[in-house]
1. Mind pulling the per residue volume of the convex hull built on the Cα atoms of the stretch B:429-475? Å³ is fine.
2. Starting at the first residue of the stretch A:36-49, write each ³J(HN,Hα) from the Karplus equation 6.51 cos²θ - 1.76 cosθ + 1.60 with θ = phi - 60°, in whole Hz, x for Gly and Pro.
3. Diagonalise the Cα gyration tensor of the stretch B:392-505 and give the resulting equivalent ellipsoid semi-axes, square root of 5 times each eigenvalue, largest first, whole Å.
4. Straight-line reach only, C-alpha to C-alpha below 21 angstrom: list the lysines that A:LYS150 could link to, leaving out same-chain residues fewer than 8 apart.
5. Mind checking which of A:THR23, A:THR148, A:LEU96 is farthest towards the positive end of chain A's charge dipole, using Cβ charges of +1 (Lys, Arg) and -1 (Asp, Glu) about the Cα centre?
6. Enter the Cα centre distance for the pair the stretch B:192-258 and the stretch B:302-328, rounded to the nearest angstrom.
7. Residue-wise, which Karplus ³J(HN,Hα) couplings in Hz belong to the stretch A:74-89, taking 6.51 cos²θ - 1.76 cosθ + 1.60, θ = phi - 60°, and x for glycine or proline?
8. What are the extents of the Cα atoms of chain A along their three principal axes, listed from largest to smallest and rounded to whole Å?
Amino acid sequence: MALPEILNGMKTVVKNVFKKKDTVSYPEVRRQPFPRYKGRHILDRHPDGLEKCIGCELCAGACPADAIQVVAAENTPEARFSPGERYAQIYQINYLRCIFCGLCVEACPTEALLMTTEYELSGSSREQLIYTKDQLIIDTPIVRHWTTKKELPPERQVFS
Amino acid sequence: MSDGKVTLTINGHDVEAEENRLLIDVAEELGVYVPRFCYHPGMKSVAVCRMCLVKVEGSRKLLPACATPVTDGMVVDTVDEEAVDAQEGMLEFLLINHPLDCPICDRAGECPLQDQTYKHGPGSSRYIEPKRTYEKALEISDLVVLDRERCVLCWRCVRFSEEIAGDAFIQLIDRGAGTQVLTFKDDPFDSYFSGNTIQICPVGALLSKPYRFVSRPWDLTSAPSVCSYCAVGCPLTNEARAEKVVRCQALPNENVNDFWVCDKGRFGYHYVSSEERLASPLVRTDADEFEATSWGRALDVVTGRLRTARRIGIIAGAHLTTEDAYAVSKLAKKTLRTSDVDSRLQDAGAPYERAAALSGVAGSTATLNDLESARTIVWVGPDPKEVLPVLYLRLRKSVLEEGAKLIVVSPRRISLDAIATHVIRCDVGGEAEAVDGLTWGFDTAVAGDVGDPLVVCWGPSSPGRDEGPIVDAVVALARNKNAKLLVCPPHAGSQGMIDMGVHPSLDPGYTPSDSRGKDTRGILQAAAAGELDILLLIGADPVADFPDGGLVARAFGSGVFTVAVELFPTESVAHADVVFPSAAYAEREGTFTNLERRIQKLEPLTAPPGSASEPWRICSRIAHGLGDDWGWAGFNDVWTEIRATVPTHAHVDLTWAGQESRPLSLHYESPFQPDPTHGRSVSAGPGAGYPKGHRSGAPFHTGQNWPLSWELRGFEARQRPGIIPSRPPEPPAGDDPVSPAPAPGAPAGDDAALRLIPRTDTPAGGDASLRSGTPLSSAFASEASPSSAKGWSRTGGEDGDSPEVKAGKSGVPERSGESSPAATWHSVEDEFPSFSEGRRSFVLYTGRLLYDEGAMVSKTVALKSLARRPFVELNEEDAKELGLSEGDEALVGGNGVRATLEVRLGDIARGAVFIPYDQPGWRANSIIRGVNPVVEVRHP
């Protein structure tokens, strides 16, 4: 009585068994996100090495998840971090709260805060997921937990 | 119109308003916001920014709303196309040279220019040429940073410094496009009121140095509060970021501070979050060290001592709130049954209670608003600019704006001399005679200006001096001329202490105590003589504040068991055996009673460090430990009891004192939102359509996640008025017109100065006559009985020594003898040498300067560097006799202590020297001994 339905269902299974797989065996094989994917942030620098971030806290103000904390301070001739008077003394993003909406990047008046396509954010404690300025600044390499043997381009069409 | 009212139409609404009011104010109360930069309700209009142009029917040109008084039948349109066009054009013009560096500007987020540009400005600018540039961030003083690029030339700071503060230190210079705001060359912007220019600056041109880059306004939570320093009690907002107070701003109250606050109040908040704050109870161990302990153990130690102690002295500090005062008073007079309780430290012995002879109130009968309606003001007291800065502003306004005549009686040139009609330069202690001269009209030139209404102001001026004759004279003057009296105690909590009966001879509500206890001096003398079993210091630091350093050293040197409730490990705390940490003003609910007896409410903002707690709670726990459960769980319980037991405060309704502002049903109009009813753009409802970031008359809530609005407006000055409690129900009855106290013959004689006898025991001269002759005690006989029936007054006398107490004392660890004064004590003869060898004795006239070494202000980073070094001010003639000139160093001695101080020549009575009371490096109380101190000055 239920046999036609079962056969009908099995038809879908059999059809897909011979199709090309859509999954990759992450983390050995990794598919790159699209270029405009919104992942982990970085803080950019000017060509002369000064930080683009001026500590204005607009990113923190724009953040709907309240994930960013900025404490500004004043540049001095002896310790200059950014052009102008103000720089970010403390800059933290809490990736447990971040929803990757990108409003902070939109708010940034100096294009200091950018988003990478990096999505591999994990840690063994809550503190590890609060990224500090040292980790976010562009000259710190992004460290992955596993080595990836093969990177697939984002536009690879699985269904051919 | 006949009743001084006119009717006009604003944007189609008919409004009735008082004649001569400004259009901008009337529109604002209707809910029509006219954009503005230069207009400020606390200052005169100048109409320079041209932002508030509105269309008035019948006028060919647009009129500035801030300089146009309303007239009958006026038809005003603020959202007319022509007016809106002018406003947009003006904003575009102002933005031509504005750097638009909002991301690094502290004002961003609460900036009038920013918000009004969003609201009233054009969408874009047509100006593409390079902007005018100046050097950024000039530090024009230790507190203020100037960024000239951002200035929109509204003149507010210039007008404030000239009109309100009287310190002309900032000015617009140059002409045309090169106009810039700048301080005078080589002249720093060192005004006591410089912080106000930061708050009124409509852009980020004047910025606070301590707050620079510290926070964004949207990060702040805020709570209304009251300044914890002086007795004026300016309302403030405390603003905190991440549980740390980072900014204070003036809240307006037209009754108290108008729109202003002094720099000490504005920048003096750092102490709240100081690392040095006490965070847990401390108990002195056998090894003579402090050990952090639990509240339970510390309370056990204290209550154990109190159970056996028979002779208890309590000194409370004058920075405590009214509830703390009531708790201290109750602990002393009800639970511990002692009247040996006093709150007068710096003003030790100041006879506030004698003011009660005038009206039944041991305090002011005048309000600060009475100053403005007064025809004559008599000032007898310290320099208000140093001690009560905002009172100086109010006095200045009364004299310069309202035309009151000011008579200053002072032995030394003070700030008020510059605006006074008459200055009576008297000897130190000769104030009484001078005031009597006014009473009886001896000096016709001066007395002819004593008009009605008259306000007589008195404040204790020189610590350590007997103010009795002066108070008698002042009270006599007030009585004789039917004047109001403004009593100016020094600190935020001083008046609350007197109101609540933290006084050896007054119970709460100014009812005289049945038994007269020891005052501060008496308590310390008892301690020094070993006749005290336990000394409670509740927010009191006698080492720093009491005007007899030697006596304090002997008191602590005697090893009396001392309990301290304090914010900081002060020098007095170092002598304590048990220490309880106290909560600071920003961390607690409470009320301060200011010098006009106005009660204003503090709201908590941050959490106290560790387990610190309010002093009233500590008193209540001590009483509980002694088996007297007061049943207080919170602030409201204390006030329920105050209302029930203190007759003057029976009707004080704190829901009103801490009111969240009367709801204002304003509706704001804007040209951008369509409104079907008027055929033009209108939006309704509080706050709707008002510039973004503006709280727009909405209630000011504690913990609201937005600070004070950027623009203090006229109606806001009426939002939290505070309450002045009633006077005692029955005024002093049946007193025949009491003649003023006999002219004090030798009020400050040298022999009086030498006596080390408590004033309470031997009232001198006029003192005795007033106490027995005036109705101070008799007048309140009817008052006294219900109060004593409540068990407030002690019934038994104080007993002598008890042997078990002595036994208990042996357990007290010995203190290190470093503070023992014995080695440096000289004989009295040594103190007063003859006029020879280039040295002379001078009457010491001392007083606090605004920035000093007080426990709170010295923990305030921003103000610490502003405190001047101690100096000695001499009359020119006296200095010449001693061979000293300005800038020299002089050797000043007294009480066996010598110090080398810089000489300043000043307008001071001959035979007197002025030494600031408590400046970094050296405390003047170390050379004070006894009452009416005398010091010796000589060439080093």
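1. Once divided by residue count, the hull of the stretch B:429-475 is 71 Å³.
2. Rounded to whole hertz, the list is 9, 4, 9, x, 4, 8, 9, 9, 8, 10, 6, x, 7, x.
3. Equivalent-ellipsoid dimensions as semi-axes: 23, 17, 15 Å.
4. Leaving aside lysines fewer than 8 places away in the same chain, those within reach of A:LYS150 are A:LYS20, A:LYS21.
5. Farthest towards the positive pole: A:THR23.
6. The stretch B:192-258 and the stretch B:302-328 have Cα centres spaced 33 Å from each other.
7. Karplus-based 3J(HN,Hα) across the stretch A:74-89 equals 9, 5, 10, x, 6, 10, 9, 9, 9, x, x, 8, 10, 9, 8, 6 Hz.
8. Computed over chain A, the largest-to-smallest principal extents equal 83, 33, 29 Å.
Throughout, read-outs are computed from the coordinates displayed, never taken from laboratory work. The model shown is predicted, which means the values in this text are computed figures rather than measured ones. Counting neighbours? That spans all protein chains shown, and the Cβs are built from the backbone with ideal geometry, glycine included.
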